[in-house]
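Throughout, read-outs are computed from the coordinates displayed, never taken from laboratory work. As the structure is a prediction and not an experimental result, all values here were calculated from the model. Note that each Cβ is placed from the backbone with ideal geometry, even for glycine, and that neighbours are counted across all protein chains shown.
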C-alpha cells in the first residue's frame, strides 16, 4: 500500500518542531525569571536559531538549500506555541 503524498510536509514538520521547541523552553523556564523577559528571550533565541540553521545548511552543504518558507513555518510554530502557552498560563493563573 502506497501512502498518499502530502504537500508541504517539510513545512508542517518545521512548524511542529519549532512549536515543540518553543513550548519546551517556555515550560523549562516557567517559574525561573520574569514572564515578559523570558518570553521575549525565548522567542528571539528560537527564531534566530532557525535562521542560523537555514543559512548554514545553504552555505555549508551542497545537497540542501536555505528556504524562506522554512523560516516562515518556524516563525508560525514559535508564535502559535507562545499564544498557546500564554492562553494556558493566564487561564490557569486566574483560577
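Worth pointing out:
- Acute angle (nearest 10 degrees) that the helix 35-60 long axis makes with the longest principal axis of the chain, alpha-carbon atoms: 10 degrees
- Among 37, 76, 52, the largest mean-square fluctuation in a Gaussian network model of the chain (Cα springs under 10 Å) belongs to 37.
- Over the chain, DSSP H runs of length four or greater, each weighted -39,500 (n - 2.57), average out per residue to a 222 nm ellipticity of -27000 deg cm²/dmol.
- Cα-based helix-to-principal-axis angle, 9-28 vs the chain, degrees rounded to 10: 30 degrees
- From least to most packed, judged by other beta carbons within 10 angstrom and beginning with the fewest, 32, 16 follow the order 32, 16.
- Computed over the chain, relative contact order equals 42 percent, with contacts defined as Cα pairs under 8 Å that lie 6+ residues apart.
- Available extension along the chain between residue 59 and residue 37 is 4.7 nm, counting 0.36 nm per residue and deducting the alpha carbon span.
- In nm, spacing of pseudo-spin labels at residue 2 and residue 24 (7 Å Cα→C-beta vector): 3.5 nm
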